[in-house]
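Trainee: My structure is below; once you've seen it, I'll send some questions.
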Amino acid sequence: MIDIRKVFLSLRRLLPFLGIALFTVSIYVLVRELSRYTISDIAAKIGEVPASRLVIAVFLTFLTYLNLSLYDLIASRRAGVKLKFTSIALVSFVGYTFSKNIGFTFLSGTSVRFRLYGKWGVAGGKILLIIILNYLTFWLGFFALSGILFTLWPPVLQSAVRVPFGSLKVIGIASAGIYVLYMVVVSFRKRPFRIRGKSFTLPGRSFTLVQTGISILDWLLSAGVFFMLLPPEIGYFEVLGVFLLSQFAGLSSQVPGGLGVFEALTIVILSPTLQADIIVAALILFRIVFYLAPFLISLVLFGVNEFLFRSSRNSD
């Protein structure tokens with residue numbers, strides 16, 4: 001009889017090698033696609049992005065991180081943690097910018113949450129519950145949105161966005177199936193689950209729908225940032241589809257911020273529609289606006305918060 005646990009552990013050990021393989025292939029694709037262009041070519045394309053679209057991209061980035069604070073807000077309330085929204089928003093912003101840029105979420109975003117929540121008196125078990133609920137919220141929105149978008153993928157979008165692995169409807173049906181299965185479980189399963197002698201219950205249907213709505217808005221806003229940095233001849237829903245696929249690949253690789261993997265797959269999918277130097281220019285701006293700038297701001301906020309906390313302890 002097959003030991004499912006041993007199979008799972010074996011597959012888990014292979015994940016780092018999968019990440020290395022994806023990163024290596026991505027670098028090869030990037031080098032191949034960019035060999036036809038000079039740095040000045042790409043810099044010129046960056047300069048051609050209208051200032052108005054850049055400003056909108058910055059504003060959408062602000063809205064994205066504001067919406068991300070709702071992840072921690074609903075999770076903390078569910079865990080029985082009653083902190084001010086400003087404190088929760090700080091934890092969320094610093095935690096997500098760290099995890100998005102550094103990767104290795106356990107060593108970055110998770111550590112930040114244990115540090116900040118912990119010094120405000122939140123118990124470790126409640127912090128862990130908040131982190132688990134955040135993960136759950138993130139993937140619920142992904143599977144729900146992917147299920148809708150790729151299952152109902154209109155023919156005009158199918159012709160505009162070419163994928164190297166056949167029809168997107170297969171991905172859409174699989175994503176929708178995962179989401180529907182989860183909803184069935186939380187709707188009808190009343191007894192707690194037990195794993196290794198420990199019991200836990202999943203959030204109910206109403207809470208799950210709130211999670212899904214917040215996460216879908218997160219994906220829509222994030223894709224909107226990238227969309228505003230691309231030429232207007234490509235539609236939003238095409239960009240959203242590419243964004244979902246490329247982000248999933250980047251996150252699965254466990255490379256910090258999906259660096260290289262996200263870019264390579266985006267170029268491969270969009271290159272029949274747009275020139276590679278235009279896509280690369282948009283990707284560079286996206287990295288700066290969506291990743292690097294918020295990360296630098298969060299470093300300052302985290303440093304100031306730590307300084308004030310230590311100063312208050314020393315004064316006591």
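Trainee: Taking residue 242, is it hydrophobic (A, V, I, L, M, F, W, C) and at pLDDT below 90? Please lay out each step first, then the result.
Mentor: Details: hydrophobic (A, V, I, L, M, F, W, C): yes; at pLDDT below 90: yes.
Taking the combined requirement at face value, the residue satisfies it.
Trainee: Something else: Failed condition for residue 94, given (1) of a type in the set (A, V, I, L, M, F, W, C); (2) open to solvent by 30 Å² or more (accessible area, probe 1.4 Å); (3) within 13 Å of residue 305 (Cβ to Cβ), with all others met?
Mentor: Failing condition for residue 94: (2).
Trainee: While we're here: Tell me which residues, restricted to the range 235-251, are open to solvent by 10 Å² or more (accessible area, probe 1.4 Å) and either under 15 Å from the mean Cα position of the chain (by Cα) or closer than 18 Å to residue 277 by Cβ (or both). Spell out the reasoning first.
Mentor: Restricting attention to the range 235-251, the residues satisfying the condition of being open to solvent by 10 Å² or more (accessible area, probe 1.4 Å) are 235-238, 245, 247-249, 251.
Scanning the range 235-251 gives 245, 247, 248, 249, 251.
Trainee: Among the listed residues 119, 84, identify the single one that is open to solvent by 40 Å² or more (accessible area, probe 1.4 Å) and modelled with pLDDT under 95.
Mentor: Values: 119 fails: open to solvent by 40 Å² or more (accessible area, probe 1.4 Å).
Matching residue, one of 119, 84: 84.
The values are calculated or read from the model by the stated rules, or taken from the named source; none is laboratory data. Source: prediction; values computed, not measured. Don't worry about glycine lacking a Cβ; one is built from the backbone with ideal geometry, like all the others, and counts go over all protein chains shown. Side chains included, ligands, DNA and RNA excluded: accessible areas come from the protein's heavy atoms. Shrake-Rupley method; radii C 1.70, N 1.55, O 1.52, S 1.80 Å.
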